[in-house]
Amino acid sequence: MLKIGDFSKLSRISIRMLRHYDEIGLMTPRSTDHFTGYRYYSEDQLLKAARINSLKDMGFSLAAIGEMLKKYDDPRELAKFLEVRRVEVLEEMKESGQRLMLLDAAIQRLRKDDMAMNYSVALKTMPQRYVASVRESIPAYNQEGLLWKKLGEETHDINLQMSDPVYTLAVFHDHDFKDGDVDVEIQISVKGTYENTEHVVFKTVPKVEIASAVYKGSYDQITEVNLAVANWVRDNEYEFNGPMFCIYHVSPAQTQNPEELVTEVCYPVKKI
């Protein structure tokens, strides 16, 4: 039998954590002296300790580890836990990669003092256009790709003819910012006429007067661009007149480098 201090050294688990494991029933001592309260562990418990350490290193919670230890001798059951955790880690990596790109983009902008917070707003007329569109509620704004995927799949065999110039954009129909179930419509301008599909609607969109600003780089600049547009609308005595939309001059479909993206933020307006 091993005293708790010796077991701690051999298992590489602190005494404090061993006591916590005992409290939650994850790993209890083989015996406890009722007079002194000393905890004693058996040598074969080192294997269980190693399994706990291994699962903790993979990012499993203590509650999950408790469940997994019950099935550790069943490889197929254990594999199910590991597969779920693998998917979670991949998603965490994706989110971390996105955060890293946003940090890099912010740092680069701050190093270019002459470009920081310098967005030029213009008043222009968006011409009438015939478009292929998909409008649905999606889980979040960054899930817009779901709509583009549907458009691509349902028009793959139609041989769409793009207009010249071609406008590729997303319209955000909600009256306010939402954390989920956002009402988004994507559009791409085409020439010719086509029959609607299950999700794709072909329609003519009327011309509209807009205040717009073009920026290059990642989408995390959007609030700063919106501020520039809002100030322009106020200073020039206009008011907002319809849902905001973004024209993608260089989109994620064309580059994986966020610094190469070129986006035009557009707000329909009218003179007060």
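The values are calculated or read from the model by the stated rules, or taken from the named source; none is laboratory data. A quick note: this is a predicted structure, and the numbers were derived from the prediction, not measured. All Cβ positions, glycine included, derive from the backbone under ideal geometry; neighbour counts span all protein chains shown.
Inspect all residues belonging to region 11-34 and state whether any of them is among the small types (Gly, Ala, Ser), touching a Ser or Thr at 6+ places or on another chain (Cβ under 9 Å) and surrounded by fewer than 15 Cβ atoms within 10 Å (Cβ to Cβ).
Looking for residues that are among the small types (Gly, Ala, Ser), touching a Ser or Thr at 6+ places or on another chain (Cβ under 9 Å) and surrounded by fewer than 15 Cβ atoms within 10 Å (Cβ to Cβ), one finds at least one in region 11-34, hence yes.
What is the one condition in (1) surrounded by fewer than 16 Cβ atoms within 10 Å (Cβ to Cβ); (2) assigned to a strand (DSSP E or B); (3) not hydrophobic (A, V, I, L, M, F, W, C) that residue 165 does not satisfy?
(2)
Taking into account only those residues within region 243-272 that are among the β-branched types (Val, Ile, Thr) and part of a strand (DSSP E or B), which is nearest to residue 121 (Cα to Cα)?
Looking at residues that are among the β-branched types (Val, Ile, Thr) and part of a strand (DSSP E or B), I get 265.
Return the only residue of 131, 184, 121 being closer than 25 Å to residue 230 by Cβ, at pLDDT 95 or above and β-branched (Val, Ile, Thr).
When all the criteria are applied, what remains is 184.
Return the pairs, sorted by first residue and then second, in which the second residue is of a type in the set (Val, Ile, Thr), the first residue lies in region 66-95 and is closer than 14 Å to residue 55 by Cβ, the beta carbons are less than 9 Å apart, and the residues are 6+ apart or on different chains.
Filtered contacts from region 66-95: 66/24; 69/52.
Restricting the search to region 219-242, which residues are in a strand (DSSP E or B) and of a type in the set (Phe, Trp, Tyr)?
If the condition is that a residue be in a strand (DSSP E or B) and of a type in the set (Phe, Trp, Tyr), then 238, 240 are the ones that fit.
Return yes or no: is residue 27 free of Cβ contacts under 8 Å to residues at least 12 places away in the same chain, not assigned by TED's automatic domain parsing to the domain that holds residue 220 and not in a strand (DSSP E or B)?
Answer is no for this residue.
Look at residue 12 and say whether it is free of Cβ contacts under 8 Å to residues at least 40 places away in the same chain and farther than 23 Å from residue 84 by Cβ.
In short, no.
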